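Notes follow the structure.
Derivation of every value follows stated rules applied to the coordinates shown; laboratory data play no part. Computed from a predicted model, the values in this text were never measured in an experiment. Glycine also receives a Cβ, built like all others from the backbone with ideal geometry; neighbour counts cover every protein chain displayed.
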Amino acid sequence: MNDQEPFYKNARVILLIAVILGSLVAIMPSYSNGEFHTNLKYGLDLEGGSWLQLQLQGVVAQVDADEGKIIQADFGRLLNDPAIRIDEVALESATFTTSKDIDKKTIDALGYGASTVTKVAEGGNRITLPTNKVYFIKKYLENSLNAEVVPITGNVIMLEIRKAVTQEELENTLKLVDGKVIKFKDGVRPETADLTKKILEDKLNTAGFKEIPIRLVGDNFGTNYIMVDLAGMDMTTARNIAAKPGKFEIRIQVQGNETVHVLYGTEIRKVDPIQKESVRVAGATEKADTWGVPFELSDEGAQALRDAAIQYGAVTNPEAHFLSMYLDDKLVFDAALARELAKNIKTLPVKTLVANTGQGAEGEKKARELQIHLSAGALPVNVEVVGSGQVSADLGEKFKEQVVIAGIIALATVAFVIYFRYRQPNIIIPMLATSFSEVIIILGFTAIVGFQLDLPTITGIIAVIGTGVDHLIIITDEVLAGGAMPPDKVYKSRLTKAFAIIMAAAATVVIAMSPLLIMGFGALKGFAVITIIGVLIGVGIARPAYAVIIQGLLVETSDKKFADED
């Protein structure tokens with residue numbers, strides 16, 4: 001056996017060493033100013049900070065209503081004609097007659113589709129709208145509740161109303177058009193909740209807070225809450241950063257202080273970093289360096305902006321028709337269309353725009369604030385803080401110390417059990433070193449992906465240590481079943497058997513953790529992620545390397561024993 005290649009030259013051992021060194025580089029431990037520093041990120045439990053429970057302002061409801069009554073109510077108000085006559089209501093269209101002299105352009109601008117308008121002999125117009133019942137109810141509720149309403153595909157009329165509305169308010173609104181509420185629940189669709197979560201994450205990242213844990217709480221019919229952990233942040237800052245995102249809207253000035261809706265933030269596709277460019281300020285003869293925020297609209301948003309600018313005269317007289325941006329009904333920016341933009345938008349929709357905020361430090365500050373507002377502008381629903389809490393930094397530091405102590409105790413206990421069972425340094429040391437290396441690799445993984453360490457994830461690491469030692473004991477007992485190091489062929493056979501047991505046990509752990517990983521039960525998701533990653537690291541890297549190391553050390557010991565006997 002003494003002619004075999006040394007175990008430390010084996011590819012599996014080299015891989016383990018390389019991964020350990022890479023993990024240490026990622027963790028980057030250092031000591032300065034009397035403190036120990038690493039690249040590891042700690043969660044609320046270990047760092048201290050604040051948590052917020054945000055309620056999504058919306059409802060999901062199954063409703064019904066009479067589309068003829070809706071036409072009379074909506075168009076009676078929009079056209080100022082209380083005597084509208086319903087001629088026909090079909091599956092995909094509706095026809096009514098109004099005494100008002102209305103052209104097609106005006107009707108189309110109301111958002112019910114491309115209408116057909118014909119004169120009638122007794123005066124007035126007959127109007128046909130290519131609109132179905134669901135869309136009539138959607139538009140009626142949008143106009144009545146001043147809220148965005150999204151139909152949910154299905155066999156019944158299900159709507160998501162993106163505003164805090166009570167069941168009584170909704171019922172009273174629908175009674176006016178012979179409607180009713182069949183099913184009602186606070187919350188929004190999972191798709192809307194996921195979108196809100198993503199945009200909130202983007203906003204927090206824009207503000208410089210990376211990898212903020214955000215969790216959704218709800219079911220398929222209505223997701224009600226978002227839970228946000230903001231480690232290392234006081235409550236005031238947490239509320240200012242996380243609870244401010246709201247509904248973003250762009251409106252256009254009609255006359256005086258009156259404005260009308262143009263588009264919501266959902267039509268903002270991209271917000272670029274702020275920039276400084278030379279533009280000609282109104283009243284100035286030369287260009288000046290001005291700060292601005294570039295952003296891009298969707299095709300629908302660009303078309304809506306063009307239609308509004310043409311309809312209300314902003315393309316010919318932009319200074320009299322400012323574009324205003326609102327966040328939660330609060331004005332955050334307003335300005336006239338640039339003359340060149342007004343000229344271009346008259347010809348075709350413009351998707352890429354720049355909101356200029358002014359010059360100097362003040363202009364830069366406003367640009368950064370507007371960039372965050374625009375980034376949060378696609379937030380589909382408002383959020384309200386309904387719960388909050390705080391973990392002090394001192395308590396977080398105490399938890400951190402207790403976690404370290406618990407880890408040391410766990411490793412010490414493992415060392416004692418291994419020593420009591422084997423009493424051989426060439427088994428005990430590799431086994432403990434392998435377990436410790438797995439912890440380093442897991443921590444390196446968390447440092448690379450920016451995963452936050454909290455009490456559940458630390459519990460997962462301790463669980464990995466336990467399952468890892470179990471696997472190492474299986475390998476050791478299997479290959480030493482006869483009480484001594486077997487021949488190489490027998491060793492490989494026993495090792496194959498040991499790894500069959502280990503792989504089955506590892507698969508069982510992964511399967512058991514998968515529901516927590518997929519369904520994401522709050523902080524337990526972190527426990528599941530770390531446990532699964534730890535098991536995969538063990539069976540893929542650490543266990544194979546340990547098998548090579550233990551064989552090499554036992555062979556060397558056996559050869560030395562035979563040499564001494566000779």
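Structural remarks
- Legend: calculated FRET efficiency, GLN255 to ASP234, from the Cβ-Cβ distance at R0 = 35 Å, rounded to 0.05, equals 0.15.
- Two-site FRET efficiency, ARG423 against ALA18, from Cβ-Cβ distance with R₀ of 56 Å, rounded to 0.05: 0.95
- If the chain linking THR352 and THR166 were pulled fully straight, counting 0.36 nm for each residue of separation and taking away their Cα-Cα distance, it would gain 63.1 nm.
- For the range 248-375: rounded, prolate or oblate by the Cα gyration tensor [a/c cutoff 1.5]: rounded
- Total charge dipole magnitude, the range 248-375, about the Cα centre, Cβ charges on Lys, Arg, Asp, Glu only, Debye to nearest 20: 300 debye
- Placing unit charges on each Cβ (+1 for Lys and Arg, -1 for Asp and Glu) gives the chain a dipole about its Cα centre, and among ASN132, VAL63, LEU200 the Cα reaching farthest toward its positive end belongs to ASN132.
- Charge dipole magnitude, Cβ of K and R +1, D and E -1 - the range 66-178, Cα centre, debye nearest 20: 240 debye
- Ranked list, fewest to most other Cβ atoms within 10 Å of each Cβ, for ASP108, ASP329: ASP329, ASP108
- Extension gain (nm, one decimal) between TYR8 and GLU122, 0.36 nm per residue minus Cα-Cα: 31.1 nm
- Annotation: amide H-H contacts under 5 Å for SER93 (H modelled 1.01 Å from N, sequence separation of 5 or more, or interchain): THR131.
- Column: log10 I(q)/I(0), Debye, Cα scatterers of the chain, q = 0.05, 0.07, 0.11 Å⁻¹: -0.37, -0.63, -1.06
- Helices meeting the span-like rule in the chain (full DSSP H runs, Cα extent of at least 15 Å along the helix axis, mean Kyte-Doolittle score of -1.0 or higher): 11-27, 67-78, 133-145, 190-206, 299-311, 360-375, 393-422, 425-449, 455-479, 488-519, 524-537, 543-565.
- For the pair the range 288-328 / the range 408-485, the C-alpha centres are spaced 62 Å from each other.
- A viscosity of 1.002 mPa s and a temperature of 20 °C, combined with the Kirkwood radius over C-alpha pairs in the Stokes-Einstein formula, give the range 1-151 a diffusion coefficient of 97 µm²/s.
- Most to least packed among 88-95, 544-551, 319-326, 28-35 [average Cβ atoms within 10 Å]: 544-551, 319-326, 88-95, 28-35
- Only Lys, Arg, Asp and Glu carry charge here, each on its Cβ (+1 for the first two, -1 for the last two); on that basis the chain has a dipole of about 460 debye about its Cα centre.
- Annotation for ASN344 and ILE409: the two label points, set 7 Å from Cα along the Cα-Cβ direction, are 6.7 nm apart.
- Cα gyration tensor shape of the range 66-178, rounded if a/c is under 1.5, else prolate or oblate by comparing a/b with b/c: prolate
- More than 20 Å apart - percent of Cα-Cα pairs taken over the range 416-538: 50 percent
- Near LEU337: Cβ cut-off under 13 Å, other residues only, Lys/Arg at +1 and Asp/Glu at -1. The net charge is +1.
- Near the amide H of PHE333, within less than 5 Å, lie the amide hydrogens of MET325, all on another chain or at least 5 residues away, with H placed in the peptide plane.
- Fewest neighbouring Cβ atoms within 10 Å first, the residues SER493, SER437 line up as SER493, SER437.
- Residue-span extension gain [LEU395 to TYR31] - 0.36 nm each, minus C-alpha spacing: 128.8 nm
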